[in-house]
1. Sort through Ile129, Ile170, Ile197, Ile178 and tell me the only one that's assigned by TED's automatic domain parsing to the domain that holds Phe430 and either out of contact with any Gly (no Cβ under 6 Å at 6 or more places or on another chain) or among the polar types (S, T, N, Q) (or both).
2. Of the residues that make up the range 430-439, is at least one touching a residue at least 40 places away in the same chain (Cβ under 8 Å), of a type outside the set (Ser, Thr, Tyr), in contact with a strand residue (DSSP E or B) (Cβ under 7 Å, 6 or more places away or on another chain) and surrounded by fewer than 20 Cβ atoms within 10 Å (Cβ to Cβ)?
3. Considering (1) more than 19 Å from Lys150 (Cα to Cα); (2) part of a helix (DSSP H, G or I), say which one Leu444 fails and leave the rest.
4. Among the candidates Lys287, Lys273, which residue alone is surrounded by fewer than 14 Cβ atoms within 10 Å (Cβ to Cβ), touching a strand residue (DSSP E or B) at 6+ places or on another chain (Cβ under 9 Å) and either touching a residue at least 24 places away in the same chain (Cβ under 8 Å) or among the basic types (Lys, Arg) (or both)?
5. What number of residues within the range 282-310 are in a helix (DSSP H, G or I) and among the polar types (S, T, N, Q)?
6. For the range 11-52, give me the residue count where each residue is part of a helix (DSSP H, G or I) and of a type in the set (Lys, Arg).
7. If we keep just the residues of the range 63-99 that are buried (at least 17 other Cβ atoms within 10 Å of the Cβ) and of a type in the set (Gly, Ala, Ser), which is nearest to Ala387 (Cα to Cα)?
8. Going by the structure shown, is Ile316 farther than 18 Å from Ile275 by Cα and in a strand (DSSP E or B)?
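The values are calculated or read from the model by the stated rules, or taken from the named source; none is laboratory data. The structure presented is a predicted model; accordingly, all values stated were derived computationally and were not measured. With ideal geometry, Cβ positions are generated from the backbone for all residues, glycine too; neighbour counts draw on all protein chains shown.
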Amino acid sequence: MVMNQNTKRETGAVAQLGNIAAARAVSDIVRTTLGPRSMLKMLLDPMGSIVLTNDGNAILREVDVTHPAARSMIDLSRAQDEEVGDGTTTVIVLAGEILTNAAPLLEKKLHPTVICRGYYQALDAALKICDKFALTVDPTDPEVIKNLVKSSFGTKISSRFGERMVEMAIEATKTVLIEKGGKYEIDLKRYAKVEKIPGGDLDDCKVLQGVMFNKDITHSKMRRTIKNPRILLLDCPLEYKKAESTMNVEITQEEDWEAMLRQEEEYIRNMCKEIIAHKPDLVITEKGLSDLAQHFLVKAGISAIRRIRKTDNNRIARATGATIVHRTEEIQAHDIGTQCGLFIIRKIGDEYFTFLEECKSPKACTIMLRGASKDILMEMERNLQDAMQVARNVFMDPKLLPGGGAIEMAVSVALKEEAATIAGVEQWAFLAIAEAFEVIPRTLAENCGADLIRVITALRAKHSGGANLNFGINGETGVIADMSELQVWDTYVAKVQSIKTAIEASAMMLRIDDIISGLSKRKRDTGAAAEHDTDPKETDETFGDARDG
């Protein structure tokens with residue numbers, strides 16, 4: 001025995017078939033969540049909270065798996081979500097089917113490298129077909145964006161809220177859009193914040209032309225409503241500067257103690273003088289604000305908000321045209337934000353929220369969501385994020401492909417015809433990919449209870465010879481329909497990304513012929529010792545927070 005007895009090892013066909021079974025199991029989890037008639041999944045996390053969703057990435061993020069191939073599949077969904085924000089279920093279902101179709105080839109003793117070669121040939125051919133059929137659109141046409149976002153919402157639980165959510169997703173995307181030299185820059189993650197407040201009605205949901213955050217003014221005498229406020233943003237504390245480390249001061253005379261207090265007061269007075277000199281109406285700081293500083297600011301008629309998040313401060317800066325200042329001595333006239341039309345504090349439920357509204361070309365926004373319960377709000381947020389990503393994708397790359405499984409069936413039929421020109425055993429792998437593409441229209445038909453064999457056969461016949469490209473499955477009724485008439489479209493970026501990810505990940509998994517799991521005894525002992533030894537002083541070298549004190 002060369003290896004440790006605790007080490008578990010799988011080799012050759014056993015490892016490959018095990019990986020395929022794991023991928024199939026993950027694929028089966030999300031298969032029923034594809035399409036407008038999809039089912040929801042209820043997930044309980046270790047903390048006891050419930051997640052209700054049909055978003056592929058959100059489901060797999062909560063699932064705890066031990067098999068390495070299953071973990072790799074879940075990572076595909078996350079990568080798809082981060083890259084294009086849509087098609088997370090598609091990529092998992094497609095990868096699962098591609099690997100399932102590889103099992104018979106492995107049983108025929110085809111070498112995995114040969115199968116992978118055929119897969120990559122099929123990938124190149126599929127991408128050429130998608131490129132050929134892609135429809136270029138004008139992203140500034142509101143009707144195009146609306147139909148596309150509506151297609152994205154059609155498969156989600158929020159689709160019952162109708163046009164409202166679609167309009168909000170488009171409005172938020174257009175708000176944060178910046179055009180630079182003919183190219184678009186859309187940073188949704190940083191500048192489009194979703195604020196979820198339980199209670200209220202769907203009519204209360206809106207995209208603010210500005211920002212809101214869950215904070216109140218620090219003093220009751222400060223103004224709660226200011227029109228056209230001059231806003232100053234700080235990331236320094238407006239209180240006496242504390243020492244970096246513990247400091248003891250020994251005082252022998254009473255006058256020295258009074259002198260120290262006077263120094264502190266003078267320090268804060270000077271800071272406030274520097275602020276008041278620029279006549280702001282509102283001061284927002286990321287750090288603390290002492291009672292004495294509040295006193296000086298109230299006397300000057302200035303409202304103040306403290307301990308705001310860095311991300312919120314960045315959004316306010318972008319929306320109001322202010323610059324975040326690091327020290328009060330460095331404040332200049334152009335650092336003051338003047339693009340906000342209204343500062344107001346409103347009470348919603350038991351909480352106070354600060355609104356900075358009516359900004360001139362804000363380029364940052366807050367989306368306020370109201371709903372019956374926390375679970376509904378969480379799902380609405382996930383759906384909205386996906387829809388905003390779809391709108392962003394079409395601005396970045398204005399090309400569309402027909403949805404409803406139409407492009408998958410077109411690719412499948414075209415690959416089957418092209419397979420006849422492939423020499424050697426790679427043809428089998430090429431055909432396996434062609435058959436795997438049919439899983440998307442098949443699953444759509446299956447999820448809405450259609451007569452599966454009859455519908456898929458009819459759709460295949462429609463697409464034969466490269467005709468009727470736009471025909472796919474109507475996800476509501478399960479019948480064959482023209483997607484251009486139904487206005488069901490997918491973004492080219494999302495579809496191509498899901499095809500690339502699924503095929504490349506499947507090829508990578510097939511090339512695994514050895515799975516070794518289990519730590520060596522030495523590593524386990526080292527890990528256990530590290531857990532017990534938590535004092536950074538006793539180790540040779542420490543990093544990060546431990547060293548910084």
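1. Numbers: Ile170 fails: assigned by TED's automatic domain parsing to the domain that holds Phe430; Ile197 fails: assigned by TED's automatic domain parsing to the domain that holds Phe430; Ile178 fails: assigned by TED's automatic domain parsing to the domain that holds Phe430.
When all the criteria are applied, what remains is Ile129.
2. Taking the range 430-439 and keeping what is touching a residue at least 40 places away in the same chain (Cβ under 8 Å), we get 430, 432-437, 439.
Of the ones still in play, those that are also of a type outside the set (Ser, Thr, Tyr) are 430, 432-437, 439.
Next cut, in contact with a strand residue (DSSP E or B) (Cβ under 7 Å, 6 or more places away or on another chain) only: none.
No: the range 430-439 contains no residue that is touching a residue at least 40 places away in the same chain (Cβ under 8 Å), of a type outside the set (Ser, Thr, Tyr), in contact with a strand residue (DSSP E or B) (Cβ under 7 Å, 6 or more places away or on another chain) and surrounded by fewer than 20 Cβ atoms within 10 Å (Cβ to Cβ).
3. Result: Leu444 fails condition (1) only.
4. Details: Lys273 fails: touching a strand residue (DSSP E or B) at 6+ places or on another chain (Cβ under 9 Å).
That would be Lys287, the only listed residue that is surrounded by fewer than 14 Cβ atoms within 10 Å (Cβ to Cβ), touching a strand residue (DSSP E or B) at 6+ places or on another chain (Cβ under 9 Å) and either touching a residue at least 24 places away in the same chain (Cβ under 8 Å) or among the basic types (Lys, Arg) (or both).
5. Here the count works out to 1.
6. Kept after step one, since they are part of a helix (DSSP H, G or I), are these residues of the range 11-52: 12-31.
Then drop every residue that is not of a type in the set (Lys, Arg), which leaves 24, 31.
Number of matching residues: 2.
7. Gly85
8. Working: farther than 18 Å from Ile275 by Cα: yes; in a strand (DSSP E or B): no.
Criteria not met by Ile316.
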